[in-house]
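Below: the structure, in structure tokens.
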Amino acid sequence: MTETFKNYVAGQWVDCKSKKTFENRNPAYTDELVGKFQASEAADVHAACDAAERAWPLWAALPAPRRGEVLFKAAELLEQRLPRVAEEMTREEGKTLPESKGEVKRSVSILRYYAAEGARMSGQQIPSERESVMAYTLRKPLGVFGLVTPWNFPSAIPAWKLAPALIAGDTVVLKPASQAPLSAWRIVEALHEAGIPAGVVNLVTGSGTGAGNALADHPAVRGISFTGSNEVGNKLYDKVSARRLRIQLEMGGKNPTIVLADADVDTAVEILVNGAFFSTGQKCTSCSRAIVEKAIYPKLMEKLIARTRKLRVGNGLDPNVDVGPAISEHQLQTDLKYVDIGKKEGAELLCGGKRITGGLFDKGFFIEPTIFAGVKPEMRIAQEEVFGPVLSVLQADGFQDAMRLANKAKFGLAASIVSKDLSRVHEFINTIEAGLIVVNLPTAGVEYQLPFGGTKSSSFGMREQGHTALDFYTETRTVYVRY
Ligand code: NAP
């Protein structure tokens with residue numbers, strides 16, 4: 001029997017007001033219904049915001065280390081359930097089981113990291129210029145935050161928004177992506193069982209336009225943390241800026257990996273294959289542009305194509321599979337549309353580019369890992385985010401040309417370089433237009449204890465993750481004491 005998952009509002013598991021549900025299906029095998037979720041609308045979101053508003057004063061007043069105890073307990077519960085939660089993630093999102101296990105483990109670490117931040121919720125003591133005056137700052141929570149998350153990291157992204165908000169003393173309403181809501185639901189379940197007070201965390205599933213959009217309308221909401229597409233993020237920004245709400249937007253990327261002539265070819269191939277194709281290229285930090293110095297180009301391309309052709313695509317639960325399906329028919333059609341665009345623009349399709357069909361493949365959304373060569377910087381496949389396993393390769397005349405090509409994009413999330421030349425590596429670090437700068441590693445693969453975020457049109461607002469994340473969820477109060 002398929003389970004129906006409820007919303008979590010004011011400490012209770014509840015149906016949405018309309019009693020309507022929507023389906024969550026396995027993108028590798030669409031006959032499998034993973035679960036049914038509440039098709040919530042504005043009224044459900046507003047009830048959750050009301051609950052969060054009521055819960056805030058007591059939660060904010062609880063000493064931060066005590067708030068941390070709840071997060072530690074939730075981390076422990078999630079860790080105990082890791083094998084099952086990871087398998088569910090593969091069933092709802094499609095990524096391979098090792099990728100899902102890594103992500104749930106990361107969510108556990110995120111909960112623990114911010115739990116410990118409770119004991120470090122410090123301000124600063126700053127010398128006053130007046131005698132007998134002590135001056136210092138305090139961090140204070142703001143109130144209710146709306147959290148809107150995408151499907152591609154269905155556990156880690158909710159975790160990296162929930163945990164800093166909660167430890168800061170804010171209360172939240174989370175609206176996870178409709179295509180993969182179960183992984184977020186499991187975190188909220190763990191928080192509930194860990195004893196989080198009623199109303200501090202609320203989870204409401206439903207469409208972006210019906211439920212997500214309504215978060216921005218509730219008067220108690222003091223800020224919104226959003227991760228997703230530029231289209232939706234920019235709309236949300238327009239909506240909340242009139243109310244001067246805090247907003248944090250993490251959006252798309254067109255992340256380059258530069259390979260210089262001195263690079264070790266095998267290392268560069270592994271970095272490109274990992275960055276471009278793992279998680280089906282569905283990471284905001286995936287590499288979608290390889291910028292290769294001419295001298296190394298022929299050797300690199302030969303090995304890159306051979307390695308890419310060996311990737312095994314299929315159901316992520318199969319231990320022999322390297323690359324899972326696209327999340328949906330819609331995303332698969334977007335990937336194929338860009339293959340078509342690339343061909344029409346005159347790029348050379350060197351491998352992949354087709355939907356994989358036959359047998360069980362017909363039950364899912366599978367596409368061959370794809371490489372285009374001869375890509376020019378003005379082509380759409382060099383400029384627009386595909387969000388699938390499609391790599392565009394551009395040739396560079398030298399280091400300066402590679403830097404010019406890398407920076408010729410509206411996005412600026414992640415960028416990497418493969419080289420042993422220290423001076424060029426440092427010039428890359430200083431001049432690349434990216435929030436995440438990576439050397440001799442894939443563009444993807446960030447760690448929770450460091451700040452995360454992009455530049456240019458990839459991001460807006462304060463950084464997520466690491467200690468820095470607390471800045472978004474708190475405000476500074478300044479105190480002068482005459483003694
Ligand atoms: P999306 O379509 O923008 O959806 C993101 C979230 O916003 C979902 O929960 C969605 O709900 C909700 N939403 C949709 N319309 C809304 C509206 N009008 N008001 C409020 N919320 C609304 O993005 P996605 O397809 O899930 O994710 C892929 C995108 O996320 C890519 O562009 C990727 O680069 C980006 N991403 C960025 C980062 C980063 O940190 N920079 C990380 C991961 C992903 P529904 O699911 O119900 O539509």
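A few points about this structure:
- Sub-9 Å Cβ pairs linking a first residue in the range 445-461 that is over 17 Å from GLU433 (Cβ atoms) and of a type in the set (Ser, Thr, Tyr) to a second residue that is open to solvent by less than 40 Å² (accessible area, probe 1.4 Å) and within 12 Å of the ligand (Cβ to nearest atom), at least 6 apart or interchain, are TYR448/ALA156; TYR448/TRP160; TYR448/GLN465, ordered by first then second residue.
- Lone unmet requirement of (1) in a helix (DSSP H, G or I); (2) of a type in the set (Gly, Ala, Ser); (3) buried (at least 24 other Cβ atoms within 10 Å of the Cβ) for ALA290: (1)
- Consider the range 114-138 and keep the residues that are touching a helix residue (DSSP H, G or I) at 6+ places or on another chain (Cβ under 8 Å) and open to solvent by 40 Å² or more (accessible area, probe 1.4 Å). The one that is farthest from PHE452 (Cα to Cα) is ALA119.
- Conditions (1) closer than 29 Å to LEU300 by Cβ; (2) not in a loop (DSSP other than H, G, I, E, B): number failed by LEU311: (2)
- Within the range 327-351, residues that are more than 20 Å from ALA28 (Cα to Cα) and open to solvent by less than 70 Å² (accessible area, probe 1.4 Å) reach partners that are in a helix (DSSP H, G or I) and of a type in the set (D, E, K, R) with beta carbons closer than 9 Å, at six or more positions or on different chains, in the pairs TYR338/ARG380; ILE341/ARG380; GLY342/ARG380; GLU345/ARG380; LEU349/LYS343; CYS351/ARG309.
- Any chance ASP262 is more than 10 Å from the ligand (Cβ to nearest atom), open to solvent by 50 Å² or more (accessible area, probe 1.4 Å) and at pLDDT 95 or above: yes
- Subset of the range 162-193 (residues that are more than 9 Å from the ligand (Cβ to nearest atom) and closer than 27 Å to HIS330 by Cα): LEU174, LEU182, SER183, ALA184, TRP185, ARG186
- Residue within the range 383-391 that is surrounded by fewer than 18 Cβ atoms within 10 Å (Cβ to Cβ), modelled with pLDDT of 95 or more, over 30 Å from GLY118 (Cβ atoms) and more than 22 Å from the chain's Cα centre (by Cα) present: no
- Filtering the range 420-438 to residues that are surrounded by 15 or more Cβ atoms within 10 Å (Cβ to Cβ) and either assigned to a helix (DSSP H, G or I) or in contact with a strand residue (DSSP E or B) (Cβ under 8 Å, 6 or more places away or on another chain) (or both) leaves ARG424, VAL425, GLU427, PHE428, ILE432, GLU433, ALA434, GLY435, LEU436, ILE437, VAL438.
- Within the range 7-40, the set of residues being over 24 Å from the mean Cα position of the chain (by Cα) and over 30 Å from GLY314 (Cβ atoms) comprises VAL9, ALA10, GLY11, GLN12, TRP13, VAL14, ASP15, CYS16, LYS17, SER18, LYS19, LYS20.
- Exclusive hit being over 30 Å from GLY461 (Cβ atoms), of a type outside the set (Phe, Trp, Tyr), assigned to a helix (DSSP H, G or I) and touching a strand residue (DSSP E or B) at 6+ places or on another chain (Cβ under 9 Å), set LYS299, LYS343, LYS337: LYS343
- Scanning the range 194-208 for residues that are touching a Gly at 6+ places or on another chain (Cβ under 7 Å) and either in a helix (DSSP H, G or I) or within 13 Å of the ligand (Cβ to nearest atom) (or both) returns no hits.
- Selection within the range 6-24 - open to solvent by 80 Å² or more (accessible area, probe 1.4 Å) and either free of Cβ contacts under 8 Å to residues at least 40 places away in the same chain or of a type in the set (A, V, I, L, M, F, W, C) (or both): LYS17, LYS19, LYS20, GLU23
- Considering each residue of the range 26-44 in turn, at least one proves to be part of a helix (DSSP H, G or I) and either touching a Pro at 6+ places or on another chain (Cβ under 9 Å) or within 18 Å of VAL188 (Cα to Cα) (or both).
- Residue within the range 50-57 that is of a type outside the set (Asp, Glu) and touching a helix residue (DSSP H, G or I) at 6+ places or on another chain (Cβ under 8 Å) present: no
- Of all residues in the range 209-252 being among the small types (Gly, Ala, Ser) and more than 23 Å from ALA163 (Cβ to Cβ), the one that is most open to solvent (accessible area, probe 1.4 Å): ALA242
The values are calculated or read from the model by the stated rules, or taken from the named source; none is laboratory data. Because the structure is predicted, anything quoted here is derived from the model rather than measured. A quick note on method: Cβ atoms are made from the backbone with ideal geometry, for glycine too, and the neighbour counts reach across all protein chains shown. Keep in mind that these areas ignore ligands, DNA and RNA; they rest on the heavy atoms of the full protein, side chains included. Shrake-Rupley method; radii C 1.70, N 1.55, O 1.52, S 1.80 Å.
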